[in-house]
Every structure is written in structure tokens, then in C-alpha cells.
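Peer 1: Provided herewith is a single structure, encoded as C-alpha cells, for subsequent inquiry.
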Amino acid sequence: MDEADLAKRLMAYDTSTPEGITTGVSFIKGWLESNGFEIEEMEVAGLPVIITSTKGTGPVLVFHGHIDVVPGKPGQFKPRVEGDDLIGRGAYDMKAALAAMMCALRDLREQEGVEVRFLCVADEESEAMGIRGTDVLVERGYGGDFAITGEPTNLHVGVQAKGVLALCLTVSGTAAHGSTPWLGDNAVLKANDVFRRIEGMPFARQSSDFFDRPSINLGKIEGGDAINKVPDTCVMHVDIRYVPGQDPEQILADIRAIDDIAVEVVFEREPAYVANDNEYVVALHQSLADANVEEAELVGRDGSSEATAFLAQGIPAVEFGPVGSGHHGPHEFVSVRSLADYRHALVGFAQRVAAQQTDSRSHIRAV
């Protein structure tokens, strides 16, 4: 079973539900055990987490992925191949990458000079603020020396990512009869003005090395309870992705200073940052060239990932995944050809790190 075949098996499970997650994780566990790996299991907030690793010693490289997906239509869980495209829910985010990581792990099973640790969680797509599987794993010592999370990057190496402030804003107005709106204060119209004010704040125009500006999205709005009444309350959910170097507390303070609103932080995540010249980043980038992926670059990622869980504990971590498009959308796909390149790059990366360790020890003995 190669990486594409394995990806199709994983994509067939509807892992947007707890039941599907449990079944999918059981399949992953069985596949790993059948390939000679010993599995550690735990539950975090009722969802399964699995850990395994190769037998080598040396720097610990983490291959990290998630089995859960956002909901899709039933047909999206019937993967199909059209030309080079593997199509279906989770193809790009991130079951194909997870499958390639599993195959790379198998390739590296006997590799000396490095330990490769595989972590699979089931709650990356959750919007809840509570405890998360990756945070628990890192806090319990499964972090390693360098981590790759297989989020979609089109074979580029994501060394930075925007931070997240997901906010629920409640805008207050004054009710009145719909025939005399001038006697009221329409909370829905005020909410639109509030959103435009946020878009016009100074932080929204700031840039960084990899990002020309933050992202601000009005994702959901609810207001009014009768057509003949001026609404006195409007609730909107705003997704702010700020760039590294910006202060989220200052952003929150500026928003809270707007009149007639209450602000609740629904979800928060720090930006990701790893230096371009980090030795593991350099080795990963070089492994892509060895795999004949010459156009690979170091990039910033507009979306956020659980690389931040590793970074929060001082462990350098990047996003790195295969080529595709459409994640969370109706036409999600991944390039089958890129999956092979991705697997080869992961294997080459681990082998390069192991070789560097051997060279370093040889140099010390010579001195």
C-alpha cells in the first residue's frame, strides 16, 4: 500500500464525527501495528490520540498530523482519482499528508542516528477553547527536537503563520417600532459600522516579512427578532488573523474601546515563527531539492496550525504538506504525484539529519 492508496483508505472514514474518528484511528493503529510499530494510546477530551516512533537514537523528529476533518457531504467521503488529482474531503487537509507520513515512518523504521516520532490527534479542526490533544502530548514530553505538522503548503516550508483572534461581538442598540426606525438605534446597522471600524484600525494596515497585512473576516452575524421591530441586539463573529510581531492584547483593547459592544474571545492562538536559518529548516529545504522539488520556498501561512503547540514549549516547528487545493471546500483535492515527492522529502530529511549527526560524531573523534 503506497501513500495514495493509504490516503484513499483514510479519506473513506467520515472523521467529522466522534464515531468516524474512532474508526479511523483504529485503522491507523492496525496499519502501524501490522508494520511492526508499538502504539501508545490516550484520550483527550474523549477523543483518541496515538503515538509511535522508530527505534533509532539521536535527535527526535516529530511527524505530526490530525485525522479529523470539517463536515462534508456524503459523496466527499468516497475518494476518487481524476488524472493526478485525488479528490474528497480531507485529501488536502490533511489525510493525504498523514498517509505519506505513515509511509515515510515505515521507510525509516530501521534508520539509525535519528528517532522519528509520529503523533496523530483528532481535534485540530475543533473551534473549542478547551484542552487539545497536541497541547497534552507536548506537555507530557512527546515534543522532540523539531516538528513537522502536515498542513497543506504545496511543498513549501511554512516557517511563519498568522496568529488567531476569533471574537464574538455583541452590539447593543435601542428597540423601536419598524414604522418609526428613527426612534430606535438599529444594532444590525451599528454592527456593520463596528466591523468597518475594525477593518480601518491601524493594526489592519501593518505588514511583516511574509505578510502584507492581517486578515479580518466577518464570518457570522445574527440580529433582530421581528421584521416590524428595530433590532436592539446584534451578535457577530469576527475572525482576525494578525501577523507576527503584533500585540493581540492591544488589538483587543482597541476593539473594546468601541462604544456599545461587548467582546468575548472565542478562540486564540499565537503566531508561529521559526528562523529561516534554523538547522532543521535548512535540512528540510535541502531535502526538497534532493527530491527534485526545486521551486520549494520558505513561506508564511495565512492560516494557523498546531505548530504553535510545539513552539510554545521552545520546540521549532513548521507546516509542510503536499500540493493541492480546496481544503474545507466542495472540491478538495491533492496531487498524487506530489504525495510521492512529499514522502521522499520526509525520508530524505530524516536521513540527512542522521548523516549530519554521524559526521558530527566523526569530527569530534578526529579532534
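A short reminder: the numbers here are calculations on the coordinates, not readings from a lab. All values derive from a computational prediction rather than experimental measurement. Positions of Cβ are generated from backbone atoms using ideal geometry, with glycine treated the same way; all protein chains shown enter the neighbour counts.
Peer 1: Rounded if a/c is under 1.5, else prolate if a/b is larger than b/c, else oblate: which is the stretch 2-155, with a ≥ b ≥ c the root eigenvalues of its Cα gyration tensor?
Peer 2: Values: a/c = 1.76, a/b = 1.25, b/c = 1.40.
Oblate, since a/c reaches 1.5 and b/c is not below a/b.
Peer 1: Give the percent of DSSP beta bridges with both residues in the chain that are antiparallel, rounded to the nearest 5.
Peer 2: Working: 50 of 68 bridges.
Bridges in the chain are about 75 percent antiparallel.
Peer 1: With the crude spin-label approximation of a point 7 Å out along Cα→Cβ, what separation in nm comes out for Asp247 versus Asp259?
Peer 2: Output for this residue pair reads 2.6 nm.
Peer 1: Just rank Thr134, Thr149, Thr17, Thr308, fewest to most, by other beta-carbon atoms within 10 angstrom. Write down the numbers at each step before the final one.
Peer 2: Values: Thr134 25, Thr149 30, Thr17 13, Thr308 21.
Ascending number of Cβ neighbours within 10 Å: Thr17, Thr308, Thr134, Thr149.
Peer 1: Ratio of alpha-carbon Rg to the 2.2 N^0.38 Å globular estimate for the stretch 163-269, to two decimals, please. Mind showing how you got there, number by number?
Peer 2: On the way: Rg = 15.4 Å, N = 107, 2.2 N^0.38 = 13.0 Å.
In units of the 2.2 N^0.38 Å rule of thumb, it is 1.19.
Peer 1: With all pairs of different alpha carbon atoms counted, what Kirkwood hydrodynamic radius in Å does the chain show? Intermediate values should be presented prior to the final figure.
Peer 2: Details: mean 1/r = 0.0452 Å⁻¹.
Over the chain, the inverse of the mean reciprocal pair distance is 22.1 Å.
Peer 1: Can you give the angle from 0 to 90° between the axis of helix 96-107 and the longest principal axis of the chain, with both taken from C-alpha atoms, to the nearest 10?
Peer 2: Roughly 20 degrees between the two axes.
Peer 1: Sticking with this structure for a sec: How high is the FRET efficiency from Glu295 to Arg337, r the C-beta distance, R0 22 Å, rounded to 0.05?
Peer 2: Details: r = 14 Å, r/R0 = 0.62.
Result of the calculation: an efficiency of 0.95.
Peer 1: Using 0.36 nm times the number of residues separating Trp182 and Val70, minus their current alpha carbon distance, what extension gain do you get?
Peer 2: On the way: separation 112, 0.36 × 112 = 40.32 nm, distance 4.32 nm.
Taking Trp182 through Val70 to full extension adds about 36.0 nm, to one decimal.
Peer 1: Now for a different question. Give the angle, between 0 and 90 degrees and rounded to the nearest 10, that separates the Cα long axis of helix 18-34 from the longest principal axis of the Cα atoms of the chain.
Peer 2: That works out to roughly 10 degrees.
Peer 1: With a sphere of radius 12 Å drawn around the Cβ of Gly329, what net charge do the other residues whose Cβ falls strictly inside it have (Lys, Arg +1; Asp, Glu -1)? Before the final figure, lay out the partial values.
Peer 2: Working: positive: Lys73, Arg89; negative: Asp93, Glu332.
Result for the neighbourhood of Gly329: 0.
Peer 1: Using a Förster distance of 30 Å, how high is the FRET efficiency between Asp239 and Gln313, based on the Cβ-Cβ distance and rounded to 0.05? Walk me through the intermediate numbers first.
Peer 2: Details: r = 26 Å, r/R0 = 0.86.
FRET efficiency, Asp239 to Gln313: 0.70.
Peer 1: Next up: Size of the dipole of the chain about the Cα centre, Lys and Arg at +1 and Asp and Glu at -1 on the beta carbon, nothing else charged, in debye to 20? Could the numbers behind the result be given before it?
Peer 2: Values: 31 positive and 56 negative charges, 69 e Å.
It works out to roughly 340 debye.
Peer 1: How much mean residue ellipticity at 222 nm does the chain get from its helices, if each DSSP H run of length 4 or more adds -39500 (n - 2.57) and you divide by all residues, to the nearest 500 deg cm²/dmol?
Peer 2: Details: 9 runs with 115 residues, N = 367.
The helix-only estimate for the chain comes to -10000 deg cm²/dmol at 222 nm.
Peer 1: State the Cα centre-to-centre distance between the stretch 161-196 and the stretch 312-359 in whole Å.
Peer 2: Taking the Cα centre of the stretch 312-359 as reference, the centre of the stretch 161-196 is 43 Å away.
Peer 1: Follow-up. Counting other beta carbons within 10 Å of each Cβ, put Arg117, Arg80 in order, fewest first.
Peer 2: Details: Arg117 20, Arg80 12.
Ordered by Cβ neighbours within 10 Å, fewest first: Arg80, Arg117.
Peer 1: Can I ask one more? For the ranges 289-296, 333-340, what's the packing order if you count other beta-carbon atoms within 10 Å of each residue, average per peptide, and put the highest first? Write down the numbers at each step before the final one.
Peer 2: Numbers: 289-296: 13.9, 333-340: 23.1.
Highest-to-lowest ranking by the protection proxy: 333-340, 289-296.
Peer 1: In which sequence would Met94, Met236 go, from the one with the fewest C-beta neighbours within 10 Å to the one with the most?
Peer 2: Met236, Met94
Peer 1: Helix 187-199 sits at what angle to the longest principal axis of the chain, using alpha carbons and giving 0 to 90 degrees rounded to 10?
Peer 2: 50 degrees
Peer 1: By average Cβ neighbour count within 10 Å, what is the ranking of 320-326, 43-49, 180-186 from highest down? Provide the component values of the computation, followed by the final result.
Peer 2: Numbers: 320-326: 24.3, 43-49: 16.7, 180-186: 13.9.
By packing density, highest mean first, the sequence is 320-326, 43-49, 180-186.
Peer 1: Can you pull the one-decimal nm distance between simple spin-label points at Phe27 and Glu268, each 7 Å off the Cα toward Cβ?
Peer 2: Each label point is offset 7 Å from its Cα along the Cβ direction, giving 3.8 nm.
Peer 1: In addition: Along the charge dipole of the chain, pointing to its positive end and built from +1/-1 on Cβ of Lys, Arg, Asp and Glu, which listed residue (Leu105, Leu86, Val157) has its Cα farthest out?
Peer 2: Leu86
Peer 1: Where does the stretch 110-173 land on Rg(C-alpha)/(2.2 N^0.38 Å)? Write out the running numbers ahead of the final one.
Peer 2: Details: Rg = 16.9 Å, N = 64, 2.2 N^0.38 = 10.7 Å.
Cα-based Rg divided by the globular estimate yields 1.58.
Peer 1: For the pair Asn228 and Val282, what calculated FRET efficiency results from E = 1/(1 + (r/R0)^6), where r is the Cβ-Cβ distance and R0 = 51 Å, to the nearest 0.05? Before the final figure, lay out each step's value.
Peer 2: Values: r = 66 Å, r/R0 = 1.29.
Efficiency for this residue pair is about 0.20.
Peer 1: Label-point separation (nm) for Thr358 and Lys55, each offset 7 Å from Cα along Cα-to-Cβ?
Peer 2: Placing both labels 7 Å beyond Cα along the Cβ direction yields 1.8 nm.
Peer 1: Follow-up. Given Val238, Val282, Gly56, which one lies farthest toward the positive end of the charge dipole of the chain, if we put +1 on the Cβ of every Lys and Arg and -1 on the Cβ of every Asp and Glu?
Peer 2: In the chain, that residue is Gly56.
Peer 1: OK, next. With a 10 Å radius around each residue's Cβ, average the other Cβ atoms per peptide and rank 135-147, 265-277, 3-15, highest first. Intermediate values should be presented prior to the final figure.
Peer 2: Details: 135-147: 19.4, 265-277: 16.6, 3-15: 21.8.
Listed from highest to lowest mean packing, they are 3-15, 135-147, 265-277.
Peer 1: Moving on to the next point. Expressed as a whole number of Å, what is the distance separating the alpha-carbon centroids of the stretch 1-69 and the stretch 269-287?
Peer 2: Centre-to-centre (Cα) distance: 25 Å.
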